[in-house]
Amino acid sequence: MQHLMSPLDLSVEELDELLTLANDIERHPQKYAHACEGKKLATCFYEPSTRTRLSFEAAMLNLGGSVLGFSSADSSSAAKGESVSDTIRVISCYADICAMRHPKEGAPLVASQKSSIPVINAGDGGHQHPTQTLTDLLTIRSLKGRLDNLTIGLCGDLKFGRTVHSLIHALIRYPNIRFVLISPEELRVPSYIREDVLRKNQVPFQEVERLEDAMGELDILYMTRVQQERFFNEDDYVRMKDFYILNRQKMALAREDMIVMHPLPRVNEISVDVDDDPRAAYFKQAQYGVYVRMALILTLLEVGVC
Ligand code: CP
């Protein structure tokens, strides 16, 4: 039985197969409409979510399966002190596969060790968000036609942004990838990403503070939200929250074929006047999230479709 805790749980070849399956689902949804009949997905979300939880649920419903679950710790027996380990043992009696989001780093991993059904990490604290990474890779491959030979600007909260950490881990496995890390001093990538992931693997990167200085050289601009829920100090959050605002003037500095991605939700970091720009890819990205989660459910449940 396979779980998904990190994007690195899948080899490059397995990832390629998964993305190809997702593209086939996009083109031929009817072919997959009954693939998971009789199967149940549990969504155990101890932290708020719109896209991840609902796209998992849409994915299972699109496959003909059913869904159950909870959307906050308060509405589960976690509020009475139940451990994640006990919860997953019980969920294993009710469902065939589980997607879990938790504010504590490593909680889905602990659950996977006690589970008799596949567990998918749907985001654990500031650590990893592997299904967002699968979504991002599918978006990049579908819109840019490749996952290699890319210069990617990652902008915003690179310290707490788990989507950024997961995406860096995944992309360094492809040839000729270069990162421009755009953040204020206080929100730079953690040193383990800089030293143990980027430098150790000899991946070229530069760290800059001004978005304008990077725009012209990017194939992809990946914007992120400054995450209020990860700050210990409200004053620090208020000081940082509007540090970057992507608007039409800044978009004018970018290449014609650059794409703008964002895991969403956004707050102020992308002005709504960018939404009509053909390079804005963030809502398409949310749609790709459904296809790739359908492909992931099929893969982890080992359901074949002819
Ligand atoms: N991108 C993402 O994880 O969004 P949600 O928090 O709404 O799930």
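Once neighbouring chains are kept in place and the probe is 1.4 Å, which whole percent of the accessible area of the range 1-157 is contributed by carbon and sulfur? Spell out each step's value before the answer.
On the way: 3090 of 6330 Å².
The nonpolar share, carbon plus sulfur, comes to 49 percent.
I need to check one value: relative contact order of the chain, counting alpha carbon pairs closer than 8 Å and at least 6 residues apart, in percent.
Numbers: 575 pairs, mean separation 61.1, N = 306.
About 20 percent, as a whole number.
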Open item on the list: Can you tell me the orientation of helix 162-171 relative to the chain, as the angle in degrees between its alpha-carbon axis and the longest Cα principal axis, to the nearest 10?
Closed with: 80 degrees
Task: Burial ranking of peptide ranges 42-55, 124-137, 275-288, 174-187 (average Cβ count within 10 Å, highest at the top) - done: 124-137, 42-55, 174-187, 275-288
Task: All lysines inside 22 Å of Lys241 as judged from Cα atoms, apart from same-chain residues fewer than 8 positions distant - done: Lys159, Lys250
Task: Calculated from backbone phi, Karplus (6.51, -1.76, 1.60) coupling profile of the range 68-74 in Hz, x at Gly/Pro - done: 8, x, 9, 10, 7, 4, 4
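Which whole-number value in Å² is the accessible area per residue of the chain, probe 1.4 Å? Kindly include the intermediate steps, with their values, before the conclusion.
Numbers: 13200 Å² over 306 residues.
Counting only protein heavy atoms, the per-residue value for the chain is 43 Å².
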TODO: Enter the Cα centre distance for the pair the range 260-275 and the range 152-179, rounded to the nearest angstrom.
DONE: 18 Å
Task: Amide hydrogen neighbours beyond the local backbone of Leu4, cut-off 5 Å, H modeled - done: Val119, Ile120, Asn121
- [ ] List every residue whose amide H lies under 5 Å from the amide H of Tyr222, counting only residues 5 or more places away in sequence or on a different chain, with H placed 1.01 Å from N in the peptide plane.
- [x] Gly153, Leu154, Cys155, Met261
- [ ] Please list the non-local residues whose amide H lies under 5 Å from the amide H of Ala280, H modeled 1.01 Å from N, same-chain partners needing a gap of 5 or more.
- [x] Val260
Task: For the range 243-258, Karplus couplings with θ = phi - 60° (6.51, -1.76, 1.60), whole Hz, Gly/Pro x - done: 4, 10, 9, 7, 9, 4, 4, 6, 4, 5, 7, 8, 5, 5, 9, 5
Open item on the list: Using 0.36 nm times the number of residues separating Gln30 and Ser116, minus their current alpha carbon distance, what extension gain do you get?
Closed with: 27.9 nm
TODO: Kindly write out, for the range 23-33 in residue order, the coupling ³J(HN,Hα) from the Karplus curve 6.51 cos²θ - 1.76 cosθ + 1.60 (θ = phi - 60°), rounded to whole Hz, with x marking Gly and Pro.
DONE: 5, 5, 4, 4, 7, 10, x, 4, 4, 9, 5
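How about the range 180-273: which chymotrypsin sites (Phe, Trp or Tyr not before Pro) there are in a DSSP loop, with at most 12 other Cβ atoms within 10 Å of their Cβ? Let's see the in-between values first.
Values: sites: Tyr192, Phe205, Tyr222, Phe231, Phe232, Tyr237, Phe243, Tyr244; in loops: Phe231, Phe232, Phe243, Tyr244.
Qualifying residues, ordered by number: Phe232.
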Task: Overall Cα dimensions of the chain, principal axis frame, Å, largest first - done: 54, 46, 39
Open item on the list: Could you compute how much accessible surface Arg225 exposes when probed at 1.4 Å, giving the result in Å² to the nearest 10?
Closed with: 50 Å²
Open item on the list: Need the list of lysines near Lys40 for cross-linking: C-alpha distance under 23 angstrom, and skip anything on the same chain fewer than eight residues off.
Closed with: Lys31, Lys114
Task: the range 131-285, relative contact order in percent, only Cα pairs under 8 angstrom and at least six apart counted - done: 24 percent
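Rounded to the nearest 0.05, what FRET efficiency do Cys306 and Leu68 give with R0 = 30 Å and r taken as the Cβ-Cβ distance? Could you check? Working shown, then result.
Numbers: r = 29 Å, r/R0 = 0.96.
Calculated transfer efficiency: 0.55.
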Open item on the list: Give the separation of the Cα centroids, the range 116-144 to the range 14-32, in Å.
Closed with: 16 Å
Task: When the convex hull of its Cα atoms is projected in every direction, mean area for the range 163-306 (nm²) - done: 11.1 nm²
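Show that you can apply the helix-only estimate: for the chain, add -39,500 (n - 2.57) for every DSSP H stretch of four or more residues, divide by all residues, and state [θ] at 222 nm to the nearest 500.
Details: 9 runs with 102 residues, N = 306.
Helix contribution divided over all residues of the chain: -10000 deg cm²/dmol.
The values are calculated or read from the model by the stated rules, or taken from the named source; none is laboratory data. Bear in mind that the values here come from a model prediction, so they are computed numbers and not experimental data. Cβ: placed from backbone, ideal geometry, glycine included. Neighbour counts: every protein chain shown. Remember, those area values only see protein heavy atoms, side chains included, never the ligands or the DNA or RNA. Shrake-Rupley method; radii C 1.70, N 1.55, O 1.52, S 1.80 Å.
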